[in-house]
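S.K.: Below is the structure I would like to discuss, written out as structure tokens.
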Amino acid sequence: GDHRDLHLSLRRQRQMCIRDSISIANGLMESVLERKTELIRPSNEQSKSFIKKQEVRIFRTINWLEKNWNNFENNKISMDQISVACALEYTKFRFTDKWTNNCNNLSIWLKKFNKHKFMELTIPKDI
């Protein structure tokens, strides 16, 4: 009846939020990668405006996550948490961690989330 329909509706809504968050995290990683790819081109071929555009996009996305993403539940891991954590770590690895100064929710959550063994084992490092 109505109760079951409401439960299914809430579940569907939650799945959509998770999917949307994964897409946003993927977009963040793509912007970081595109910036990095541009920077490894010969300097006379680099587009400074493209690099700046990616940096603006990166900070805008992280700020959006700080204000809107709210899946900080640590006792139930979900795909969006893994995606967001990987995107933030990749940003720190390939660009900057300056965002941690202004994004307390994400920064505090990421420190805790990184204590999971699967995160510890896969944090990117320069070889």
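S.K.: Accessible area of E55, 1.4 Å probe, to the nearest 10 Å²?
M.R.: 40 Å²
S.K.: Averaged per residue, what accessible area in Å² does the chain show with a 1.4 Å probe, protein chains only?
M.R.: Ligands and nucleic acids excluded, the figure is 68 Å² per residue.
S.K.: Further question: Given points 7 Å out from each Cα along the Cα-Cβ axis, report the I51 to C17 separation in nanometres with one decimal.
M.R.: Simple spin-label model gives 3.9 nm for this pair.
S.K.: Which links in K53/K76; K36/K111; K48/K92; K98/K125; K53/K111; K52/K76 stretch past 26 Å when you go from one Cα to the other?
M.R.: From K53/K76; K36/K111; K48/K92; K98/K125; K53/K111; K52/K76, over 26 Å: K53/K76; K53/K111; K52/K76.
S.K.: Something else: With an 8 Å Cα cut-off and a minimum separation of 6 or more residues, compute the relative contact order for region 1-110 in percent.
M.R.: Relative contact order comes out at 36 percent.
S.K.: Largest first, how would V56, V32 line up by accessible area (1.4 Å probe)?
M.R.: V56, V32
S.K.: Report, to the nearest whole %, how much of the accessible area of the chain belongs to carbon and sulfur atoms, 1.4 Å probe, protein only.
M.R.: Of all accessible area on the chain, carbon and sulfur atoms account for 53 percent.
S.K.: To test your reading of the geometry: what angle, between 0 and 90 degrees and rounded to tens, separates the Cα axis of helix 48-68 from the longest principal axis of the chain?
M.R.: Relative to the chain, helix 48-68 is tipped by roughly 20 degrees.
S.K.: Here is a further query. Dipole of region 25-122 (Lys/Arg Cβ +1, Asp/Glu Cβ -1, origin at the Cα centre): which of L33, I58, L121 lies farthest to the positive side?
M.R.: So the residue furthest toward the plus end is I58.
S.K.: Another question about this same structure. Report, to the nearest 10°, how far helix 79-94 tilts away from the longest principal axis of the Cα atoms in the chain, using its own Cα long axis and a range of 0 to 90°.
M.R.: Helix 79-94 and the main axis of the chain meet at about 10 degrees.
S.K.: Also: Applying the Karplus parametrisation 6.51 cos²θ - 1.76 cosθ + 1.60 with θ = phi - 60° to the phi angles of region 116-126, what ³J(HN,Hα) value in whole Hz is obtained for each residue in order, glycine and proline being reported as x?
M.R.: Each residue's phi maps through the Karplus curve to give 5, 4, 5, 7, 3, 6, 10, 4, x, 9, 6 Hz.
S.K.: Quick check: with the 1.4 Å probe, what order do L6, L121, L106 take by accessible area, largest first?
M.R.: L121, L6, L106
S.K.: Nearest 10 degrees, 0 to 90: what angle lies between the long axis of helix 104-113 and the longest principal axis of the chain (Cα atoms)?
M.R.: Taking Cα atoms only, the helix is inclined about 80 degrees.
The values are calculated or read from the model by the stated rules, or taken from the named source; none is laboratory data. What you are looking at is a predicted structure, and each value in this text was computed from that prediction instead of being measured. Counting neighbours? That spans all protein chains shown, and the Cβs are built from the backbone with ideal geometry, glycine included. We work out accessible area using only protein heavy atoms, side chains counted, and drop any ligands, DNA or RNA first. Shrake-Rupley method; radii C 1.70, N 1.55, O 1.52, S 1.80 Å.
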